[in-house]
Amino acid sequence: MKPEANPTQLARQLLDWFERHARDLPWRRTTDPYAIWISEIMLQQTQVKTVIPYWERWMRALPDIGALARSDPQSVLKLWEGLGYYSRARNAHAAARMIVDLFKGEFPSTVDDLCRLPGVGRYTAGAVCSIAFNQPAAILDGNVARVLSRVYGIGGDLKSKIINERLWKHAAELVDCARQLPDRRLGGVSDCALQISENFTSKRSSFSAQTTADSGGNCSRLNQALMELGALICAPKTPACVECPLSQLCFARQSNRMADFPKSVARPVVTRRKFIAFLVLRNNKYLVQKRPKNVVNASLWEFPNVEMVSGAPVNPNLAARFLIIEKKPLLRIMHSITRYRIQLEVYRAELEQGVKPTGTWVSLTKLKELPFASAHRKVIEMLLLRSQRDLQQFSF
Ligand code: SF4
């Protein structure tokens, strides 16, 4: 039987390493649970460098839970525009309203209460409770699962119930060990409760008040260290073990079997799809439509479009409403959503005679203000670029 790494040693190494190597990220300068929650939602499936400007813009526009609860759904989607996985924004909005109604505007501070909110699962609840409130709540996302599977030599499918629970157990053990270690920030006093009460009474949104190393106590830093190590050092394909603080304790490293952990799972087969969009202009306004609820990109705007399979429209009745007036596409956009590789061709078109438009006529200026699905946003960017060129052409 392989010897298991000592969790206290692991926790100590992680805390030391994090103190020296943590990135200075904007949401690490606060203990405001709302700000941390928003960062955690944005970071799901999205890279840090992409999230930073979105998070900063969001916090300027909606600085607290009340502001988010009061905002209208379209402005929330507009702030999220381009980040993808829009259900995250819709859930955040619904959760904010629930916090105002159910928790009287006070941000929930237990894993159980947080898990009642739409879009909040065990990971996000643990992240908020540990990072904002310095509670010994465990976290397990893809990065952390990879680190733990290598450190403890856990093979098999990480998503299977048994293995997943094993990983959660290790994650909980580590954060609990961190709780018991002396907290340097508090002059060697190990007391999460002290830190929690400090966070509760601290003024929210004091973004510049703390340095990275000072934000939160051991529980907060331990979980952030695990995430950080997974993101920066213990990379999926080429882990930088020589720089890793856990290399002496890591089963995969010590047995030179980094590639064996975690077990690779078959990737979903990539599916190619093609759509054509109709760009219809009338009286300086473009025809656009809002996507219905309960579909991908629900409530976002788009130009009328139809999916094509083997050169024929999937919905011929819809396609028959439009007459393409230029055979050459104005724009061809490639983009990916989950396993789909999508091509969108945009054509200048008119409505067929007698066809009543379904949708809304919107000027170019107003189009900029509506939340659009990413590919369709590119069409607007093209239109804006063209209109600027036209203006330059006719200016003296
Ligand atoms: S030693 Fe290597 S494999 Fe082990 S946790 Fe560190 S980076 Fe990952």
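Of the DSSP beta bridges with both residues in the chain, give the percent that are antiparallel, rounding to the nearest 5.
If I count the DSSP bridges inside the chain, around 70 percent turn out antiparallel.
Which whole number in µm²/s is D for region 1-128 by Stokes-Einstein, with the Kirkwood Rh taken over Cα pairs at 25 °C and 0.890 mPa s?
Translational D for this selection: 153 µm²/s.
Restrict the search to region 307-384; then list the GluC sites (Glu not before Pro) that DSSP places in a loop and that have at most 16 other Cβ atoms within 10 Å of their Cβ.
E326, E352, E369
Determine the shape class of region 271-394: with a ≥ b ≥ c the square roots of the Cα gyration tensor eigenvalues, call it rounded for a/c under 1.5, and otherwise prolate if a/b is greater than b/c, oblate otherwise.
Rounded.
What is the spin-label model distance, in nm, from S336 to C115 if the labels are put 7 Å beyond Cα along the C-beta direction?
Each label point is offset 7 Å from its Cα along the Cβ direction, giving 3.3 nm.
Which of these, N297, N218, N315, has the largest mean-square fluctuation under a Gaussian network model of the chain (Cα springs below 10 Å)?
Ranking N297, N218, N315 by mean-square fluctuation puts N315 first.
Ignoring ligands, DNA and RNA, please state the percent of accessible area on the chain from carbon and sulfur, probe 1.4 Å. All intermediate terms of the calculation are to be shown ahead of the outcome.
Working: 10740 of 20430 Å².
Carbon and sulfur: 53 percent of the exposed surface of the chain.
Between helix 161-180 and the chain, what is the angle of the helix's C-alpha long axis to the longest principal axis, kept within 0 to 90° and rounded to the nearest 10?
The angle comes out at about 60 degrees.
Taking only Cα atoms and a 10 Å spring cutoff, compute GNM fluctuations for the chain and point out the largest among H170, H93, H335.
Per the Cα network of the chain with a 10 Å cutoff, H335 tops the list.
Just the number please: accessible area per residue for the chain, 1.4 Å probe, all protein chains included, in Å².
52 Å²
Pairs of Cα atoms under 8 Å, at least six residues apart: use those to get the relative contact order of region 271-394, whole percent. All intermediate terms of the calculation are to be shown ahead of the outcome.
On the way: 208 pairs, mean separation 39.4, N = 124.
Dividing the mean separation by the residue count of region 271-394 yields 32 percent.
Run the simple label-point estimate for E326 and K237 please: 7 Å along Cα→C-beta, distance reported in nm.
Inter-label distance under the simple model: 3.9 nm.
Below 15 Å Cα-Cα, how many Lys pairs turn up in region 271-394? Only count pairs eight or more apart in sequence, or on different chains, if you could.
Step by step, the pairs that qualify in region 271-394 add up to 5.
Over the chain, what is the relative contact order in whole percent, taking alpha-carbon pairs under 8 Å and six or more residues apart?
18 percent
Could you check which residue among A67, A95, A132 shows the biggest mean-square fluctuation in a GNM of the chain with a 10 Å Cα cutoff?
Residue with maximal mean-square fluctuation among A67, A95, A132: A67.
Rounding to the nearest 10 and keeping the result within 0 to 90°, find how far the Cα-based axis of helix 33-43 lies from the longest principal axis of the chain.
Helix 33-43 sits at roughly 60 degrees to that axis.
Taking only the alpha carbons of the chain, what extent do you get along each of the three principal axes, in Å, biggest first?
Cα extents, longest axis first: 77, 47, 46 Å.
Helix 122-131 sits at what angle to the longest principal axis of the chain, using alpha carbons and giving 0 to 90 degrees rounded to 10?
Relative to the chain, helix 122-131 is tipped by roughly 60 degrees.
The values are calculated or read from the model by the stated rules, or taken from the named source; none is laboratory data. Given the structure is predicted, the values throughout are model-derived calculations rather than measurements. For neighbour counting, all protein chains shown are included, and Cβ atoms are generated from backbone atoms with ideal geometry for every residue, glycine included. Side chains are part of the model used for accessible areas, which takes the heavy atoms of the whole protein and leaves out ligands, DNA and RNA. Shrake-Rupley method; radii C 1.70, N 1.55, O 1.52, S 1.80 Å.
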